[in-house]
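Below you'll find the structure, written out as structure tokens, and then a few comments.
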Amino acid sequence: MEEKRDLEIVFSKAVKAGKRIYYFDVKKNRSGEYYLAITESKKRVSAENEAVSFEKHKIFLYKEDFAKFADGLGEVTAVINEMNSTREDI
């Protein structure tokens, strides 16, 4: 079963960002259409026994949502950047 899941990834890009890694995976569904799976992975170390685990969160974006998602992300990041640049405590 694991091999089948790996076969559906046709392109992958990992982005390391601090304590997180973001995976952008282009996948192909059963209909032959491509979609984007974004996974955020955070390393967790248990305080009790120092066991290492990874917390993962996924979202799936389909082609009909790409433009709206990109527009929304662009707008929100522009607002955050503007708000950060006007902070008085910097």
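Readers should treat all values here as calculations from the given coordinates under stated rules, not as data from a laboratory. This one's a predicted model, so the numbers in the text were calculated from it and none came from an experiment. Cβ: placed from backbone, ideal geometry, glycine included. Neighbour counts: every protein chain shown.
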Check: Which condition number in (1) of a type in the set (Gly, Ala, Ser); (2) out of contact with any Asp or Glu (no Cβ under 7 Å at 6 or more places or on another chain); (3) surrounded by 12 or more Cβ atoms within 10 Å (Cβ to Cβ) is the one that Ser46 fails?
Finding: (3)
Margin query: If I ask for residues that are in a helix (DSSP H, G or I) and either over 15 Å from the mean Cα position of the chain (by Cα) or over 20 Å from Tyr22 (Cβ atoms) (or both), which ones from the range 39-71 would you list?
Written below: Lys63, Glu64, Asp65, Ala67, Lys68, Asp71
Item checked: Residue list for the range 72-90, filter: assigned to a helix (DSSP H, G or I) and of a type in the set (A, V, I, L, M) -> Leu73, Val76, Ala78, Val79, Ile80, Met83
